[in-house]
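K.L.:
I'd like to ask some things about the structure below.
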Amino acid sequence: MIMDTGLSSFIKKLPLSYRKLKAIEEIGNEVYTLKFERKHEFLSGQVVAITTDLSIPPRLYSICSGTEEDEMAILFNVKHDGLLSPLLAQQKAGANLHVSAPFGAFLGDEEPAWWIASGTGVAPYRSMLRSGLHQHKKLIHGGRARDSFYFEQEMMAAFGDDYIRCCSQETGAGLYEGRLTKWIREQEVEKSGMKYYLCGSAEMVVEVRDILIGKGVDIDNIMAEIYF
Ligand SMILES: Cc1cc2nc3c(=O)[nH]c(=O)nc-3n(C[C@H](O)[C@H](O)[C@H](O)COP(=O)(O)OP(=O)(O)OC[C@H]3O[C@@H](n4cnc5c(N)ncnc54)[C@H](O)[C@@H]3O)c2cc1C
């Protein structure tokens, strides 16, 4: 939801330019990847503002492709009562999108970290992985259903036992049964020398941040990107 805040007027003023849509794929239940022409350098973890039509204010999406890839990609889910995401899902290859230059400060680096995501919040970590930043990382992904673990094969191959899939409403081989907040509560965490990246719903980010601070993690070691 774009709220009437300073951020939403900032987003509305961002210069946008055309990008040809190269491919759209439904990779989960009403969850899509969109690949489009790339015109800018970016840092993994950054976002772009996108719209299909200049009469609709753009929304922000994390880039989920690597910094060295020829095309740029995003991952999004459809909000039925939303303005833009249902339209994005109807786009076909060859369509023109309006896209901003990349920006944002939720940036991956080579330091040891836990990458924590709910839902499509896994997108920036996939960009970081594809940009070669996945060494010394643990990926903790929370989702409701068995098919919520987007890019699962790629993540399993990259992270092995350091890929934790927390599934709150279904069970299955390799899944932790329960919300990711429950999993994090059960862990011993490193209070220094470890960064904690949180990306996804405000509910998850606020709850995990409070759990980590309660376990003694310094707030300076917690990086957050909230999708609203
Ligand atoms: C930094 C950032 C990065 C993001 N990255 C991603 C990403 O990688 N992938 C992704 O899927 N999403 C991402 N998002 C969310 C994305 O920007 C959109 O908000 C999302 O796709 C919904 O857009 P929409 O136009 O479909 O819905 P909107 O029209 O914005 O509506 C969203 C929800 O808010 C409700 N709503 C709308 N207006 C009001 C109102 N006035 N009062 C009360 N409720 C209202 C709607 O009913 C709907 O449920 C990101 C957001 C941010 C801030």
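K.L.:
Given H placed on each backbone N at 1.01 Å, which residues far from LYS215 in sequence or on other chains put an amide H within less than 5 Å of it?
P.N.:
none
K.L.:
Express as a percent, rounded to the nearest 5, the fraction of DSSP beta bridges in the chain (both residues included) that run antiparallel.
P.N.:
50
K.L.:
Still on this structure: Counting C-alpha atoms alone, how compact is the range 143-228: give Rg to one decimal and Dmax as a whole number, in angstrom.
P.N.:
Looking at the range 143-228, its Cα Rg and Dmax stand at 13.4, 36 Å.
K.L.:
Then there is this: Using Cα pairs under 8 angstrom and six or more residues apart, how large is the relative contact order of the chain, in percent?
P.N.:
17
K.L.:
Quick check: net charge around ALA95, other residues with Cβ under 11 Å of its Cβ, Lys/Arg +1 and Asp/Glu -1?
P.N.:
Here the count lands on +3.
K.L.:
Give or take rounding to whole Å, what are the principal axis extents of the alpha carbon atoms in the range 41-138, in descending order?
P.N.:
Here the Cα extents, ordered largest to smallest, are 42, 27, 22 Å.
K.L.:
Consider just the alpha-carbon atoms of the range 21-90 and return their Rg together with their Dmax, both in angstrom.
P.N.:
Cα-based Rg and Dmax for the range 21-90 come out at 11.9, 35 Å.
K.L.:
Determine by what factor the alpha-carbon radius of gyration of the chain differs from 2.2 N^0.38 Å, reporting the quotient.
P.N.:
Scaled against compact globular proteins, the figure is 0.99.
K.L.:
In the structure displayed, which of LYS20/LYS138; LYS39/LYS195; LYS137/LYS182; LYS137/LYS215; LYS22/LYS138; LYS12/LYS35 lie more than 26 Å apart, Cα to Cα?
P.N.:
LYS20/LYS138; LYS39/LYS195; LYS22/LYS138
K.L.:
Need the full-extension length gain, SER8 to ILE56, defined as separation in residues times 0.36 nm minus the C-alpha distance. One decimal, nm.
P.N.:
Taking SER8 through ILE56 to full extension adds about 16.0 nm, to one decimal.
K.L.:
How many angstrom separate the Cα center of the range 187-228 from the Cα center of the range 111-176?
P.N.:
Rounded to whole Å, the Cα centres lie 16 Å apart.
Read the figures in this text as sums done on the coordinates, not as results from a lab. Just so we're clear, the structure is a prediction, and the values are computed from it rather than from any experiment. Neighbour counts are summed over all protein chains in view; Cβ atoms, including those assigned to glycine, are modelled from backbone coordinates with ideal geometry.
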